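To start, the structure itself, in structure tokens.
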Amino acid sequence: MSFAVDPARLAYQMAVRGLSASDLARKARVSPATLSAARAGKRVREDSWRQVARALNETPVDPDIERLLPPPDALATTALKVRSHRREVSHFGCCQRRSRGMSARIIDS
């Protein structure tokens with residue numbers, strides 16, 4: 001069984017613990033590719049996600065960092081989405097930038 005993880009929440013949980021992607025992958029004993037897939041919102045196997053969740057739970061939150069960062073729900077109104085060679089129409093229909101085959105635009109979620 002596999003499922004997708006909310007990338008914003010995962011990024012927030014990593015940030016408030018001061019963990020880089022490589023640190024978390026190492027602590028969770030998953031491959032960097034697996035963690036990269038989870039961070040991109042792609043589906044990952046349940047046992048891999050459990051290992052990531054366990055590693056996050058075992059790493060304490062830094063209260064100073066937590067006070068500085070807005071919770072992921074506060075960031076939900078503005079998200080940066082990167083898509084390769086695909087057009088995605090947003091509410092605004094603007095704020096689009098293309099560079100080397102990648103497109104990035106700020107959209108309202």
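What to note about this one:
- Cubic angstrom per residue, convex hull over Cα atoms of segment 2-68: 67
- With the simple model of a label 7 Å out from the Cα in the direction of the Cβ, Ser31 to Asp6 spans 2.8 nm.
- Packing-based ranking, highest mean first, of 39-48, 10-19 given that Cβ atoms within 10 Å are counted: 10-19, 39-48
Every number in this text was worked out from the coordinates using simple rules, so none of it is lab data. Just so we're clear, the structure is a prediction, and the values are computed from it rather than from any experiment. Methodologically, a virtual Cβ is constructed for each residue, glycine included, from the backbone with ideal geometry; neighbour enumeration extends over all protein chains shown.
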